[in-house]
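See below for the structure under consideration.
The values are calculated or read from the model by the stated rules, or taken from the named source; none is laboratory data. Source: prediction; values computed, not measured. Heads up, the Cβs are rebuilt from the backbone with ideal geometry, glycines too, and the neighbour counts pull from every protein chain shown.
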Amino acid sequence: MKEAIQETIAFDIYGTLIDTHGLIAMLRCHAGENASRFSQLWRQKQLEYSFRRGLMRQYLDFGVCTAQALHYACLAFGVSLTENETSTLLNAYRALPIFEDVAEGLGNARDAGFRLYAFSNGKAADIRQLLDHADISRYFTDIISVDEVQSFKPDPLVYRHFLEKAAVKAENAWMVSANPFDVIGAVSAGMKSAWVRRSPEVIMDPWEIGPTVVIHRLSELESAISDWRNTHFG
């Protein structure tokens, strides 16, 4: 494991460590039986807005994308929120729950000697709040946010920014994400990647670029990386 100690792992936050659909119970108060579909559309538009802003170089932070996506979902489902109700939902988004396999997976990776970073589209302060709320901040060396370069994943600029901030070469860095666009973006930037495929319903984009390894639970990460290294380096 001496070689593995030199590896650095970037963990995506939203959708990988944090369950972005963790507010469905709250949403039922507003969207009723459409709460799950409302949550899906909210997340879909949040990502779409970040992609579009990144491409157009019209940067506003991820919190703005989240708020505007919530507004869109309300319009789509005919939901009317008061200013206080909107604030309550957006504040709750900063305290979303983690997936049940997260603490074990982070602990295994840290104990194996990997350097762990939180690497997110979100602002550093928002990510710190999420990690503190979930009691997993202690696993990370630092938080690196795309906000520092005012673009979004999968812009190559943000992955270069991660490598510079973490002081690591691309070939020694792993991106761990449940989001296919993030996996492809990291590999395109020269990093290795682990795709966290928790559900068989999630499909990897059929591009010429794909993940280095595929895992189904975060607790499989450390062994998957070790097996990959043993296969390629003996």
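Tabulated values for the structure
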| item | result |
| --- | --- |
| Residue match in segment 86-94 (condition: surrounded by 18 or more Cβ atoms within 10 Å (Cβ to Cβ) and touching a strand residue (DSSP E or B) at 6+ places or on another chain (Cβ under 9 Å)) | no |
| Single unsatisfied condition, residue 61 versus (1) charged (D, E, K, R); (2) in contact with a helix residue (DSSP H, G or I) (Cβ under 9 Å, 6 or more places away or on another chain); (3) surrounded by fewer than 18 Cβ atoms within 10 Å (Cβ to Cβ) | (3) |
| Unmet criterion (only one of (1) buried (at least 16 other Cβ atoms within 10 Å of the Cβ); (2) in contact (Cβ under 8 Å) with a residue 24 or more places away in the chain; (3) among the hydroxyl-bearing types (Ser, Thr, Tyr)) for residue 188 | (1) |
| Count - residues of segment 84-122 that are closer than 24 Å to residue 27 by Cα and not in a helix (DSSP H, G or I) | 7 |
| Top-ranked residue of segment 100-146 - restricted to ones that are among the charged types (D, E, K, R) and within 26 Å of residue 160 (Cβ to Cβ), ranked as surrounded by the most Cβ atoms within 10 Å (Cβ to Cβ) | 126 |
| Residues that are assigned to a helix (DSSP H, G or I) and either in contact with a helix residue (DSSP H, G or I) (Cβ under 7 Å, 6 or more places away or on another chain) or of a type in the set (A, V, I, L, M, F, W, C) (or both), drawn from segment 65-83 | 65, 66, 67, 68, 69, 70, 72, 73, 74, 75, 76, 77 |
| Residue under evaluation residue 167, criteria (1) under 15 Å from residue 118 (Cα atoms); (2) surrounded by 22 or more Cβ atoms within 10 Å (Cβ to Cβ); (3) of a type outside the set (D, E, K, R), criterion not met | (2) |
| Members of segment 150-172 found to be in a loop (DSSP other than H, G, I, E, B), in contact (Cβ under 8 Å) with a residue 24 or more places away in the chain and more than 18 Å from residue 211 (Cα to Cα), listed by number | 150, 151, 152, 168 |
| Residue under evaluation residue 193, criteria (1) buried (at least 22 other Cβ atoms within 10 Å of the Cβ); (2) assigned to a loop (DSSP other than H, G, I, E, B); (3) of a type in the set (Ser, Thr, Tyr), criterion not met | (2) |
| Which listed residue, of 43, 37, 53, is surrounded by fewer than 16 Cβ atoms within 10 Å (Cβ to Cβ), modelled with pLDDT of 95 or more, of a type in the set (Lys, Arg) and not assigned by TED's automatic domain parsing to the domain that holds residue 229 | 37 |
